[in-house]
Amino acid sequence: MIPALILLALAIVCYSVTQLLMHGKFILTDPDNPYGFWGEDSDKRKYKMVDGVPVAAPDTWYYNFFKIPYHEAFPLSATLLVFLTDGYHFMQFMFFLLLPLSIAIPYGDVVIFLIVYVLIHLVHSIAYKNLSK
């Protein structure tokens, strides 16, 4: 039970960091480096930049399907591997990993982890899509 509570606490810390980043209050944010990993504009790190301007996306099925407006910095940097590009997405990734782990650990079952992991992502995706402008 204790490991599950520790994982839940760590998930909440990760969520808290995402909120601090969104509100410009995170202690590791360097105001002199807005494009740093924890920077205010770190979300732009997933895109290829030339002289501080993002490069337009190529007209391919991949970019069109995922509606990626700019060329990715490296393959999958705007989709599957976005958590490697900036602090916000890394903390979001850790939250979405630690939360189902904290639920599944007491049962000691990988299947429960996978079900909860997929369910959390599914609910998040549906809510995000339906509540977006």
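A few remarks follow.
- Value of [θ]222 nm, deg cm²/dmol, for the chain, DSSP H segments ≥ 4, -39500 (n - 2.57) each, nearest 500: -16500 deg cm²/dmol
- Using every pair of separate Cα atoms, the Kirkwood estimate puts the hydrodynamic radius of the chain at 16.5 angstrom.
- Within-15-Å neighbourhood charge of THR18 [Cβ basis; K, R +1; D, E -1]: -2
- Mean Cα-pair separation over length for segment 74-129, i.e. relative contact order, pairs under 8 Å, 6 or more apart, %: 21
- Pairwise centroid distance, computed over Cα atoms, of segment 55-82 with segment 1-50, Å: 22
- Less than 5 angstrom separates the built amide H of TYR70 from those of ALA57, all sequence-distant by 5 or more or on a different chain.
- Top of LYS44, LYS67, LYS25 by mean-square fluctuation, Gaussian network on the chain, Cα under 10 Å: LYS67
- Evaluated with a Cβ-only charge set (Lys, Arg +1; Asp, Glu -1), segment 6-81 carries a dipole of roughly 220 debye about its Cα centre, given to the nearest 20.
- Once C-alpha pairs closer than 8 Å and six or more residues apart are averaged by separation and normalised to the residue number of the chain, the relative contact order reads 27 percent.
Each reported figure results from applying straightforward, stated rules to the coordinates on display, with no laboratory input. Remember, predicted model here, so these are calculated numbers, not experimental data. Here Cβ is always computed from backbone atoms with ideal geometry, including for glycine, and neighbour counts include all displayed protein chains.
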